[in-house]
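The values are calculated or read from the model by the stated rules, or taken from the named source; none is laboratory data. All values derive from a computational prediction rather than experimental measurement. Note that we place each Cβ from the backbone using ideal geometry, even for glycine, and neighbour counts take in every protein chain shown. SASA here: full protein model, heavy atoms, side chains in, ligands and nucleic acids out. Shrake-Rupley method; radii C 1.70, N 1.55, O 1.52, S 1.80 Å.
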Amino acid sequence: MLIGIGLAILAALATVLPFGFLLPVVAIAVLCLFIVPLDKLLFYMWIGIFISAFFGAYLGIPGSENIFLFRILLLLHFILFLFLPEKQIAHMKPMRWLFFLLAAWLIGFTITLFWSESVAAGLRYIYYIFELSYLIFLSVYYLRTKEQFFTFSKIITVIYVLQIVIGLAEVFTGWHLPQSGAFVYDTTTSAFQPTGLLFNTNDYALFLTIFLPVVFWRLTKLRQPYRAITLVLVSLVPLYLVITTYSRLGLIAYVVVLIALLIPYAKKISILIGAWIMFLITNVLLILPTAFSKVNEIVDSSFTEKGASTSDRLERYNTLWQMIKDSKLLGVGAGNAPLKLEQYRLGHEQVQELILAPHNFWLELIADGGIFSIFPLVFFILLLGMSVYYWWTTRKHGDALFMVLPILIVLVFAVAAVALSTVIDKRYLWIAIGMAVAALNITINKWKERKQ
């Protein structure tokens, strides 16, 4: 059965990766099996998958946007994992219902291909469901203990700092990486808005927000005085960068997450944090008053000068809802909602496929899959519910900050689902969800050990 599923995934991947290119890479991987044990090889590949997911096309073949290291490693890992004789999955038992929902999501949306107008768009969407599901699975499979989670939180922290450095360079110099959307969006502010390793500013703002809990938790393990200094910096510098993105929801989410992190931790370093914040604010007001004025101007414009954008999104939501009603809860087919959205607005079919971003992942799911959208929706409801329940149950018996990570990550994802044009292909969001599921799994297993 697993081999059959593997062949089905390969068929979907044919629309994304040239199979002829993969053959020599697969041959190299097979040769490695004779040198490195399969379980170790897969673990090294997982590290490569985890890191390369954040770099995307920057670790790819020039001129071939869809061929990059992350996708190659993910596919090879999946194929080789099928042949791993001893799969250590006993620790994943608490998450079995979540994985069942992910599998049902993949199968259900595959069924919708029978009535999809664009099968190519459907196959592409199904591939992304496989990709995100496997990322979540691997996160839980390899992050079995808090120590292993801590190790990968170090990697996240390094990438987070790199993103901050790139963002600061963009804000102060106007320089951008080649894949930045600053070269596509021609506005009065785009030249000095940060995008980091990502494409647009909203993505950058949500990246800084969704991984703030993981980075903050990792930095609390440092010794003083480095702990206090880094915590203040990692709290305030990203806040400034999020402000410069002009992302309304990103800014609100960041402030809420920061406050939620400080509440369980502030008792230990409240005086030191307060002193540092007052010191920084005083310096900004006395030495750089123009900078403070600029920040205030950006925040004001972010919330008062986007009326047209808000109206356009509301119109898309209404159109999606009409699409849902017209489909009789069958959906228009996986990945077809963005195509049908443009057709609905024009009132006729198009000569070529044009994509109009839904800007609402939840409505997009229902419009795409109809009744089958119940599976991903229940996945997130169940994940949030379990996270809140076990945080409330175990908060007095362990690392309260670690236990709150899944809650904050899921809430930020919910914000990203309406703040971003689409989230199905945002690898950084799904890695964050994978880490949330892994953290919840670790918490539940520890709770069960204490009850025994």
Checklist entry - Which ranges mark the helices (runs of 4 or more DSSP H) fully within region 169-251 that have 1 or more residues being at pLDDT below 90 and closer than 20 Å to A57 by Cβ? => result 201-210
Checklist entry - Condition test on L106, is it modelled with pLDDT of 90 or more and either closer than 30 Å to N445 by Cβ or surrounded by 21 or more Cβ atoms within 10 Å (Cβ to Cβ) (or both)? => result yes
Item to check | Search result, residues across region 103-136 that are closer than 24 Å to G48 by Cα and touching a residue at least 40 places away in the same chain (Cβ under 8 Å) | outcome: R124, Y125, I126, Y127, Y128, I129, F130, E131, L132, Y134, L135, I136
Checklist entry - Listed residues I155, I136; which is part of a helix (DSSP H, G or I) and surrounded by 21 or more Cβ atoms within 10 Å (Cβ to Cβ)? => result I136
Checklist entry - Residues of region 375-399 being open to solvent by 20 Å² or more (accessible area, probe 1.4 Å) and within 13 Å of K446 (Cβ to Cβ), which ones? => result Y390, W391, T393, R395, H397, G398, D399
Next on the checklist: Among the residues that make up region 291-304, is at least one of them open to solvent by 20 Å² or more (accessible area, probe 1.4 Å), of a type in the set (A, V, I, L, M), over 30 Å from T443 (Cβ atoms) and at pLDDT 85 or above?
Outcome noted: no
Checklist entry - Which ones in region 409-425 are over 15 Å from A253 (Cβ atoms) and out of contact with any Phe, Trp or Tyr (no Cβ under 6 Å at 6 or more places or on another chain)? => result S421, T422
